[in-house]
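Quick notes on the structure that follows.
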Amino acid sequence: MADILNIITQNLQEVLNEQIIKHVIEVEQRPLKIYWGTAPTGRPHCGYFVPMTKIAHFLQAGCHVKILLADLHAFLDNMKAPLDLVAYRVKYYERIVKSMLTSIGVPIDKLTFVVGSTYQLSEKYTMDIFRMSSLVTQNDAKRAGADVVKQVESPLLSGLIYPLMQALDEQHLDVDVQFGGVDQRKIFVLAEEYLPPLGYKKRAHLMNPMVPGLTQGGKMSSSDPNSKIDLLDNAKTVNKKIASAFCAPGVVEGNGLIAFVEYVLLPISKLSVTNIGDEKLLVEKEAKFFIDRPEKWGGPIEYSSIEQLKEAFASDKLSPQDLKQGISDALNKLLDPIREEFNNDPSFKELEAKAYPPPVVAKPAKKKEKVLGSKYLEAMEAKKKRETEKALGAAATGDSVDEVAAKILETTITE
């Protein structure tokens, strides 16, 4: 039991209600049921390898894993995409997630993919939203979604429904555990507080850390192109982004590159698949992070633990340049199968184009010609009349006829 629990909880930042997991494993003696949800909005990036490695661990521990493709959540999150576009993104996410898992050697035959709208539009689910909304205050709902739902100056009501639905998904997907990033913590706490009053059991919650982005501060995010590496970026682009990533010499804390090695590259290097009869099982092997360092700088080097790497970096025995080279090589190796599958499959390319069509560039509007209004014309006529009368009145002061005529002509030409 201890081994199973260790596999499930390794590399996590926080576990809520671990006793629920122990009860299922020890007392009920059945596979743990876990779900991980993702809203198909922006393009998935390399930060998604963090939950993929944990899904691999869950499968290794014999858990039953469901992946929720939360299409309605994607729509509710301040309408980041219309529903017809979200439908294509759901298919693209499923395709890219399967490709990611396959690239790291994870058998996907025991995974279940569920599209949110297949059950979230049912009468029972809708009634549960009404029931929960009669218990949760506006402030509680807003606070729960603060780290997940896009924050705007004038928030929409949809942002308050979002966390309620995520809490209810635990019941309607019939799971023991919900897994997500630590940014989901407030929604997890909301679920723990408000599911029992509805007559539903409390669930356990597993949280992976948020990997810092490539820029200084913040996390890898689809909305910030400088913070992330797309799964379909070519090798040259990957190398360029890694080379320009923020990485202060000797600084380990908040270093996004070291975090990527810790939570993605080293855990993936430990995964191995063995065949037992007709069944493929995940087993662990020794971790390895290899850097093909030039001989003049000490030659190739290999780390078998993140502690070794952090110590070497903090003591300046490992330079940022060498760290970046090792990450670029390892990451491109991970992405090669995904890029190859995409480039060799026209249907994959077509799906990507439909899910993320190029933005429509609006043509600049032609400048409208100024149309003179009737009031403007009337004012001009009145002005001319006053100037003419003024010029004629000059005759009384002794101007000759020719001088008066010249002034009238001058007035007309000026106007």
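No value in this document is a laboratory result; all are computed from the given coordinates. Computed from a predicted model, the values in this text were never measured in an experiment. Positions of Cβ are generated from backbone atoms using ideal geometry, with glycine treated the same way; all protein chains shown enter the neighbour counts.
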Inset, instruction - Filter the cross-link list Lys186/Lys310; Lys54/Lys270; Lys91/Lys349; Lys66/Lys285; Lys98/Lys236; Lys33/Lys54 down to pairs whose alpha-carbon distance in this structure exceeds 20 Å. - result: Lys186/Lys310; Lys66/Lys285; Lys98/Lys236
Inset, instruction - Would you please state the base-10 log of I(q)/I(0) at q = 0.08, 0.11, 0.12 1/Å for the stretch 1-355, with intensities from the Debye formula using one equal scatterer on every alpha carbon? - result: -0.41, -0.78, -0.93
Legend entry - Among 311-319, 23-31, the order from most to least packed when residues are scored by Cβ within 10 Å on average: 311-319, 23-31
